[in-house]
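Notes follow the structure.
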Amino acid sequence: MSPSSIYRKVAFRLIPILFSCYILAYIDRVNVGFAKLAMREVPWFSDAVFATGAGIFFVGYFIFEVPANLILHRTGARLWIARIMISWGIISTLMAFSYNATSFYILRFLLGIAEAGFFPGIILYLTYWFPREHRAHMTAMFMTAVAAAGILGSPISGWILQVSDGWHGLHSWQWLFILEGTPSILLGLLVPLLLTDRPEHAHWLTSTEKSFILEKIDIEQHRKLASGEHAFSFKDAFRSKRIWIFCLTQFTIVFGLYGASFWLPQIIHDTMTQVDWQIGLYSALPWTCAAFGMVWVCRHSDHTGERRFHVGLSALTAAFAFATSGLPGIPGWARLLALAVAVTGVMSTTSCFWSVPTAMLSGTAAAAGIAWINSVGNLAGLVAPELFRWMKSHHGMGTALLGLAAIQACAGILALVTIQPKRN
């Protein structure tokens, strides 16, 4: 069996499971953006409550991200990912019973704690199976779940809001949280049966295939340790200048992602249509474009071995598209098209970006470093909704979109200046 067929076999076995898990995780994380459309009449709810609740998720996420990833590294992916999914599914469902701003904030905070460690855990998990020359493509395949969450979740969320108001005495936004949180619990119960912790435990691989994968990973680990630049301990993962640069780069990338994710339904509501199911349908377009674009960009990056320009130019493309979408008087359809390019650029940037730090970290340092980069980067999810709301309320939607463009331009410049111009 050829090397490519072995990795294809592993990908067909693992990626669909991880992909499905991340779809549900991302829907549960950002469906508050759709719930907002139906919560306008709730007395205690407002744009300010929404922005704070959307952002406070990332406080709990930040605090528990590194410990959660270290636990996954020690205990294995199967049980820990199952725990994450079941707990976040329960808390997401309980969001339906928020009764004031405080309860809304507490549940969003707990949701962040529950999900902490999921994304960096999967990035770490992929390093157990795929060497660097396959990693950007595999990361992109996994991260198309974010796009798929937009493609599937947006129309479904719009439809739930359209048809469920008054069912059994509950509001449509309550049904949104219940119907979109329950699948996470059910899939979480199945994860221990579907995932395999490491190649040596894979009964679905032959002994030859296991040996090949383990040998490739072992060679890569030794190559990292043989290079002084790549020899990181647990403590080095926190005090390395390069790790902090990665944190800053990830922060600027994530800023654009969550600025778009949380506010896309509202942008479409304000500029194109106020019909809930149509908002869901239009919201799916940018994510559809992103699903195809990010896979192509990352596949090309793996094929050429080049990272710097794939990350940097993708971010600059997103910046230009965000700026275009914020132009005064732009038609709704043109704004949506520009946002489709912007979301594609952001998703291409983040999926290619993760192939860089994973090429230099291994073992416990990888678990800590990947989690730290992701947790610091995801603090942008705390800042982006608040800053976007402030710019929108004081200066208009166009200015808010121009703000996203400026942050994405910073991401592109950081990548072009700091990522080494060589094969990583």
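The values are calculated or read from the model by the stated rules, or taken from the named source; none is laboratory data. Predicted model, so just to flag it, every value in this text is computed and none were measured. Cβ sites come from the backbone with ideal geometry, for glycine too, and all protein chains shown count toward neighbours.
The single condition from (1) over 30 Å from TYR7 (Cβ atoms); (2) modelled with pLDDT of 85 or more that ASP165 fails is (2).
Within region 166-182, can one find any residue that is among the charged types (D, E, K, R), within 25 Å of ARG78 (Cα to Cα) and in contact with a helix residue (DSSP H, G or I) (Cβ under 9 Å, 6 or more places away or on another chain)?
First, pick out the residues of region 166-182 that are among the charged types (D, E, K, R): 180.
Okay, now just the ones that are also within 25 Å of ARG78 (Cα to Cα), so 180.
Keeping just the survivors that are in contact with a helix residue (DSSP H, G or I) (Cβ under 9 Å, 6 or more places away or on another chain) gives 180.
So far as region 166-182 goes, yes, one or more of its residues are among the charged types (D, E, K, R), within 25 Å of ARG78 (Cα to Cα) and in contact with a helix residue (DSSP H, G or I) (Cβ under 9 Å, 6 or more places away or on another chain).
Yes or no, residue by residue, for (1) within 19 Å of LYS36 (Cβ to Cβ); (2) not acidic (Asp, Glu):
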residue: MET85; (1), (2): no, yes
residue: LEU94; (1), (2): yes, yes
residue: ASN100; (1), (2): yes, yes
residue: LEU111; (1), (2): yes, yes
residue: ILE123; (1), (2): no, yes
residue: GLU133; (1), (2): no, no
residue: MET141; (1), (2): no, yes
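Condition (residue is touching a Ser or Thr at 6+ places or on another chain (Cβ under 6 Å) and of a type in the set (A, V, I, L, M, F, W, C)) applied to region 302-310: is it met by at least one residue? The answer is no, given that none of the residues of region 302-310 is touching a Ser or Thr at 6+ places or on another chain (Cβ under 6 Å) and of a type in the set (A, V, I, L, M, F, W, C). When we screen PHE64, PHE34 for residues that are of a type in the set (A, V, I, L, M, F, W, C), farther than 23 Å from THR127 by Cα and within 18 Å of the chain's Cα centre (by Cα), the only hit is PHE34. Checking PHE118, PHE58 one by one, the residue that is within 19 Å of PRO385 (Cα to Cα), out of contact with any Asp or Glu (no Cβ under 7 Å at 6 or more places or on another chain) and among the hydrophobic types (A, V, I, L, M, F, W, C) is PHE58 and no other. The conditions are (1) surrounded by fewer than 23 Cβ atoms within 10 Å (Cβ to Cβ); (2) more than 30 Å from GLU306 (Cα to Cα); (3) touching a residue at least 40 places away in the same chain (Cβ under 8 Å), and GLY166 fails exactly one of them. Which is it? All conditions are met except number (3).
Answer with yes or no whether VAL295 is surrounded by fewer than 24 Cβ atoms within 10 Å (Cβ to Cβ), closer than 25 Å to PHE62 by Cβ and within 16 Å of the chain's Cα centre (by Cα). For VAL295, the condition - surrounded by fewer than 24 Cβ atoms within 10 Å (Cβ to Cβ), closer than 25 Å to PHE62 by Cβ and within 16 Å of the chain's Cα centre (by Cα) - is not met. Close contacts from region 268-293, counting a first residue that is within 18 Å of VAL341 (Cα to Cα) and a second that is among the acidic types (Asp, Glu), with Cβ to Cβ under 9 Å and a gap of 6+ residues or different chains, come to none at all. Filtering region 155-213 to residues that are closer than 18 Å to TRP277 by Cβ, among the charged types (D, E, K, R) and assigned to a helix (DSSP H, G or I) leaves only GLU180. Restricting region 237-252 to residues that are touching a Gly at 6+ places or on another chain (Cβ under 7 Å) and of a type outside the set (S, T, N, Q), the residue that is nearest to ALA380 (Cα to Cα) is PHE251.
The residue that is nearest to GLY150 (Cα to Cα), among those in region 273-315 that are at pLDDT 85 or above and part of a loop (DSSP other than H, G, I, E, B), is ARG307. Elements of the type helices (runs of 4 or more DSSP H) sitting completely within region 323-424 and holding at least 2 residues that are of a type in the set (D, E, K, R): these cover 380-395. TRP80 satisfies every condition listed in (1) surrounded by 19 or more Cβ atoms within 10 Å (Cβ to Cβ); (2) more than 16 Å from the chain's Cα centre (by Cα); (3) farther than 17 Å from LEU195 by Cβ; (4) not small (Gly, Ala, Ser) except (3). In region 30-106, counting only helices (runs of 4 or more DSSP H) that sit wholly within it, the ones holding 1 or more residues that are at pLDDT 90 or above span 77-94.
In region 318-343, the residues that are closer than 18 Å to TYR282 by Cα form Cβ pairs under 6 Å with partners that are part of a loop (DSSP other than H, G, I, E, B), at six or more places apart or across chains, as follows: GLY332/MET272.
Restricting the first member to region 57-80 and to residues that are more than 22 Å from ASP28 (Cα to Cα), and the second to residues that are hydroxyl-bearing (Ser, Thr, Tyr), the beta-carbon pairs closer than 9 Å and six or more apart or on different chains are LEU70/THR364; HIS73/THR364; ARG74/THR364.
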